[in-house]
Amino acid sequence: MAMKFLVVGGGGREHAIARALSCNPNTVIYAVMSNSNPGIATLSYGYSIAQETDVERIITFATEVGIDYAVIGPEAPLQCGVVDALEKLGIGCLGPSQASARIETDKAFCRRLMKEYQVDGLPAYRIFQDSAEAVDFISSHDEDLVIKPIGLTGGKGVKVMGEHVDRAGAIEYARSISDGIVIEERLIGEEFTLMAFVDGRSIVPMPLVQDHKRAFNGDTGPNTGGMGSYSLSDHRLPFVTDADYGSALRIMHDVVSALDRSGTPYRGVLYGQFMNTVSGPKVIEFNARFGDPEAMNVLSILSSDFSEIVIRVAEGTLRQSDVVFEQKATVCKYVVPEGYPDSPVAGDPIDIPRDNEALLYYANVSDTDGQILTRRSRSLAFVGVGPTLADAERSAEAGASSVIGNVRYRSDIGKDEILMRRIAHMKELR
Ligand code: GLY
């Protein structure tokens, strides 16, 4: 029987979500997005252009077209309570309630929950409501610190001393934050992402992925929403030992259990961003959704039925056997407008020859009578899938380098050199 699925969001991550849903011929896809994503538009039976935080319009559209299940891509609609509103109408969701999404939307809540339920991997932290007190704290410490606004910042609000800012810059930044600040110890190590499907109690992990935040090759330049990511065919990363992986998974279990015990069970995708340190994985943050770009890595190799996973998460009946990924490596490379992220050139035409095998996911572009134009954020992503990382990288590179226009991408993501550097760094720390 045909089932109607709503995708909320219009970026590369949501194109990957729509594509994964479309693998089941019985799914009928609808979307709500703030800008028409050509990839999602093509896969959808119908869509509405609306702000992804406009819960009323999402509800009206979902009711009009008779949606059965919804997948929420970005964090902002979760914060606005879109899942609570959809569930009231009997629509099952892959996405947490407003209360349990606080694991991402309220960084002070996340740290307090971890402390109260004694979840491992908690860095040393302090919470400040008053920025003057935060400034005093930063001034009186010698070691490097991390400054995090408590609320959502679109992934670009965290400033790490010694990486993004010096002490004077950290003080100036803290002074500019009015809605509460979490200050944490600076963690040294290698970052990795562990995402899991969660049905309230059970969690089923996805392959490990490593994202690249910096704008330019060699991890230089300003922080971005993520320039690309890779995963390996064994679904692990070589600088994450079995023991590290076991610890990270236990931390994910423990935080899901803490949310359940505190009366806000979590249903959706839980994203753990970890720093692998000399003393094991520490939690940088949790997100209440798929990562972008990481969603494109994992959904491109999902061999089980994604629509069935959504239904089982919503109904609280998820089993390990419902989630199967191909034993393949993936590399995702984002193509971005020249000048991104600080002064992106929007409105420039880009041509995308489809003379390569890489999967193409549209992100923040507009389509004017068949001509694709850049907008201010990341434009397109190419995902290479192959038996080895080198195969996947070659494929993603062929896709990204084929684009003609005023755009650029990171050519180093997924290359052996970067992986060797990560392994050597971890060895040196240990
Ligand atoms: N890849 C980082 C994020 O999705 O927040």
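The values are calculated or read from the model by the stated rules, or taken from the named source; none is laboratory data. Since we're looking at a predicted model, the values are computed, not measured. With ideal geometry, Cβ positions are generated from the backbone for all residues, glycine too; neighbour counts draw on all protein chains shown. Protein only, heavy atoms only, side chains kept; ligands, DNA and RNA dropped before computing areas. Shrake-Rupley method; radii C 1.70, N 1.55, O 1.52, S 1.80 Å.
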* Under a plain spin-label model, where a point goes 7 Å from the Cα along Cα-to-Cβ, how far apart in nm are Ser139 and Asn406? -> 4.5
* Taking every eigenvalue of the Cα gyration tensor of segment 289-413, multiplying by 5 and rooting it, what semi-axes result, largest first, whole Å? -> 30, 18, 12
* **Set of segment 108-129 residues, backbone N closer than 18 Å to the point 7 Å along the Cα-Cβ line of Ala243** => 120-122
* Report, largest value first, the span of the C-alpha coordinates of the chain along each principal axis, in whole Å. => 60, 47, 41
* Given charges at beta-carbon only (K, R positive; D, E negative), |dipole| of segment 36-183 in Debye -> 40
* **Globularity ratio of segment 229-359, using Cα Rg and 2.2 N^0.38 Å** => 1.29
* Over the chain, what percent of the accessible surface lies on carbon and sulfur atoms, probe 1.4 Å? -> 47
* Can you give the Kirkwood hydrodynamic radius of segment 129-179 from its Cα pairs, in Å with one decimal? -> 11.0
* Structure fact -> Between Thr153 and Ser34, the two model label points (7 Å from Cα along the beta-carbon direction) sit apart by a distance in nm of 1.8
* Structure fact -> D (µm²/s, integer) via Stokes-Einstein for segment 256-331, Kirkwood Rh across alpha-carbon pairs, 37 °C, 0.692 mPa s: value 228
* **Cα-derived Rg over Rh, computed across segment 95-249 with Rh taken as Kirkwood radius** => 0.97
* Structure fact -> Relative contact order of segment 297-393 (C-alpha contacts under 8 Å, at least 6 apart) in percent is 32
* To do: For n ≥ 4 DSSP H runs only, could you compute -39500 (n - 2.57) per run for the chain, divide by its residues and tell me the 222 nm figure to the nearest 500?
  => -9000 deg cm²/dmol
* For segment 39-111, give the magnitude of the charge dipole about the Cα centre (Cβ charges: +1 Lys/Arg, -1 Asp/Glu; no others), in debye to the nearest 20. => 200
* Would you list which lysines come within 24 Å of Lys115, measuring only between C-alpha atoms, while excluding same-chain residues fewer than 8 positions from it? => Lys107, Lys148, Lys159, Lys282
* Using a cut-off of 10 Å between beta-carbons, work out the net charge of the residues near Ala70 (Lys and Arg +1, Asp and Glu -1, Ala70 not included). => -1
* Going toward the positive end of the dipole of segment 237-299, with +1 on Lys and Arg Cβ and -1 on Asp and Glu Cβ, which of Ala248, Val269, Val298 do you reach last? -> Val269
* **Extension reserve of the Glu163-Glu64 stretch, reckoned as 0.36 nm per residue once the Cα distance is removed** => 30.7 nm
* Asked: With the chain treated as a Gaussian network of Cα nodes joined by springs under 10 Å, which of Asp254, Asp369, Asp234 yields the largest mean-square fluctuation?
  -> Asp369
* To do: Starting from the Cα of Lys88, draw a straight line to each of the lysines and keep only those under 23 Å, dropping any in the same chain fewer than 8 residues away.
  => Lys4
* Asked: So what is Rg over Rh here for segment 60-184, counting just Cα atoms and using Kirkwood for Rh?
  -> 1.10
* Could you state the principal axis extents of the C-alpha atoms in segment 276-316, from the largest down, to the nearest angstrom? -> 39, 24, 16
* Structure fact -> In debye to the nearest 20, the charge dipole size for segment 117-174, taken about the Cα centre with +1 at each Lys and Arg Cβ and -1 at each Asp and Glu Cβ, equals 280
* Taking the chain as a Gaussian network, where each spring joins two C-alpha atoms under 10 Å apart, which residue of Met296, Met114, Met420 fluctuates the most? -> Met420
* To do: Quick one: give the max-minus-min coordinate of the C-alpha atoms of segment 175-276 along each principal axis, largest first, in Å.
  => 44, 41, 22
* Asked: Rule-of-thumb check for segment 377-430: C-alpha Rg over 2.2 N^0.38 Å?
  -> 1.37
* If you take the C-alpha gyration tensor of segment 1-140, multiply each eigenvalue by 5 and take the square root, what semi-axes do you get, largest first, in whole Å? -> 36, 16, 14
